[in-house]
1. May I ask you to derive the FRET efficiency for L82 and T114 from their Cβ-Cβ distance with R0 = 35 Å, giving the value to the nearest 0.05?
2. Straight-line reach from K152: which lysines have a Cα under 16 Å away, not including same-chain ones fewer than 8 places off?
3. By the gyration tensor of its Cα atoms, with a ≥ b ≥ c the square roots of the eigenvalues, what is the shape of segment 82-187: rounded for a/c under 1.5, prolate for a/b over b/c, or oblate?
4. For the peptides 61-70, 158-167, what is the packing order when you average, over each peptide's residues, the other Cβ atoms within 10 Å and list the highest mean first?
Amino acid sequence: MRLASIRSLPSAMMCGVAMKGAAVSSRFARASRAVVFGTLAYAAMPTFAMAQTAAPQNDAIEIEYWHSIQNSTDPADFEAYLKKFSNGNFVELARNRLAKLHAPADICQSLIGTWSWFVNGDVEFRTDGTARQAFSGFDATWTCDKGTVTIKWPMGIVDKLTLSADGKHLKGRGGFLGLSTVTGDRQ
């Protein structure tokens, strides 16, 4: 067996250590490295074959992982994917998704600030997704997706509004039963 031949080589020969005379030792070292590397390459082949059979399992794990996060809105999910699968099949998609998630929230950013409301004075929209009507003191939560604003007030009142293209006007329906016209203008 070839592995037995490695064990039988003197340790000096396996390491390529110089023996007597430079010319002899360099030829001897080259020959010994060729034998050792050739034998090691042969010995490493089963390991390489095992690594090749593990690749489809790794691909399956990566694909399952990607399917679990592909619709996520949490940047940490895509950062974790990139860390775990830095050379993965979906790296470009993960980077694109991260860029979109870290990008400013388009027109919705113009919602932040104080608005003259159609009733009861001003409403202040905050970056944390909350709003407060100054006159009544009512607090609300809000979401915005591509200029469509949903405001949830106490007592189950929900306003659904559209933000104008210039980000200065809100208009929609809301109030009890969603029958009232709701408007706001940027101050």
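Throughout, read-outs are computed from the coordinates displayed, never taken from laboratory work. Owing to the predicted nature of the structure, the values given are computational and were not obtained by experimental measurement. Counting neighbours? That spans all protein chains shown, and the Cβs are built from the backbone with ideal geometry, glycine included.
1. 0.35
2. Within the straight-line cut-off, K152 pairs with K160, K171.
3. prolate
4. Ranking the peptides 61-70, 158-167 by packing returns 158-167, 61-70.
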